[in-house]
């Protein structure tokens, strides 16, 4: 059963990234996708005509959700629909597997294939696509370094080279007009009930405070 997890984000610089990436690598394991020191992530975010997801983020609405489709290193053999739910500083992510053909149909506006799915999240997505008029809005790319630590079910990620594109029809190809999000490197720390002291000690930066940051919002406003 999915449950809410703690999530904290920090904007760091390249010196911080080099220092923290080296330290965390001594005690935590690289996640399953990280085979050559990092991996590429591409996400397609959905929003409606009134930018509901964007406005709720910017207005600081405590309870909100957003949908995205994501894959890694441009490998279309593993694609996921993700629903990310937020409640104050807690987050929960539900996911379901999609095929490339299903994803292409969704991007083209052919949603009926989801209506009778055996996967509850795909049926929910179908309802939201129809009722809330969700549509593909923005592609966000970035390069990620990710580590997992078993005690507390901790996940620490470092995301840089963030870029956005409105060329949503080319989700599986090189996007036209991709624009970098300038100088942004994001460290995220997620955990269940407790954060082990060793992780706190390693990731503590006296000059950095946790704060709200959304790659989707940043991409929309560059």
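Across the stretch 11-33, the number of residues qualifying as under 20 Å from residue 81 (Cα atoms) and either surrounded by 12 or more Cβ atoms within 10 Å (Cβ to Cβ) or touching a helix residue (DSSP H, G or I) at 6+ places or on another chain (Cβ under 9 Å) (or both) comes to 2. Scanning the stretch 69-107 for residues that are without any contact (Cβ under 8 Å) to a residue 40 or more places away in the chain, closer than 22 Å to residue 191 by Cα and touching a helix residue (DSSP H, G or I) at 6+ places or on another chain (Cβ under 8 Å) gives 95, 96. So, of the residues in the stretch 78-88 that are surrounded by 15 or more Cβ atoms within 10 Å (Cβ to Cβ) and closer than 14 Å to residue 57 by Cβ, which turns out to be nearest to the chain's Cα centre (by Cα)? Filtering first and then ranking leaves 84. One residue alone among 16, 31 is more than 22 Å from residue 164 (Cβ to Cβ), in contact with a strand residue (DSSP E or B) (Cβ under 7 Å, 6 or more places away or on another chain) and modelled with pLDDT under 95, and that residue is 31.
Could you list all residues from the stretch 3-34 that are more than 17 Å from residue 151 (Cα to Cα) and free of Cβ contacts under 8 Å to residues at least 12 places away in the same chain? Correct list: 15, 18, 19, 22, 32. Inspection of the stretch 44-52 identifies no residue that is more than 25 Å from residue 127 (Cβ to Cβ) and either assigned to a loop (DSSP other than H, G, I, E, B) or modelled with pLDDT under 95 (or both). One residue alone among 171, 158, 125, 194 is surrounded by fewer than 16 Cβ atoms within 10 Å (Cβ to Cβ) and either under 22 Å from residue 85 (Cα atoms) or at pLDDT 95 or above (or both), and that residue is 194.
Looking only at the stretch 168-185, residues that are out of contact with any helix residue (DSSP H, G or I) (no Cβ under 9 Å at 6 or more places or on another chain) and either within 17 Å of residue 70 (Cβ to Cβ) or part of a helix (DSSP H, G or I) (or both) come to 3 in all.
Sort out which residues of the stretch 186-208 are touching a residue at least 60 places away in the same chain (Cβ under 8 Å) and under 26 Å from residue 65 (Cβ atoms), and write them in order of number. Answer for the stretch 186-208, where residues must be touching a residue at least 60 places away in the same chain (Cβ under 8 Å) and under 26 Å from residue 65 (Cβ atoms): 186, 187, 188, 189, 190, 191, 192, 195. Number of residues in the stretch 89-108 that are in contact with a strand residue (DSSP E or B) (Cβ under 8 Å, 6 or more places away or on another chain) and either exposed (fewer than 12 other Cβ atoms within 10 Å of the Cβ) or over 17 Å from residue 127 (Cα atoms) (or both) equals 8. Of the set (1) under 23 Å from residue 131 (Cβ atoms); (2) touching a strand residue (DSSP E or B) at 6+ places or on another chain (Cβ under 8 Å), all apply to residue 55 but (2). I'd like to verify a number: residues in the stretch 35-63 that are surrounded by fewer than 17 Cβ atoms within 10 Å (Cβ to Cβ), under 21 Å from residue 75 (Cβ atoms) and touching a residue at least 24 places away in the same chain (Cβ under 8 Å), how many? Adding up the residues that qualify gives 2.
The values are calculated or read from the model by the stated rules, or taken from the named source; none is laboratory data. As the structure is a computational prediction, the values presented were derived from the model and not from experiment. Note: ideal-geometry Cβ built from the backbone for every residue, glycine included; neighbour counts use all protein chains shown.
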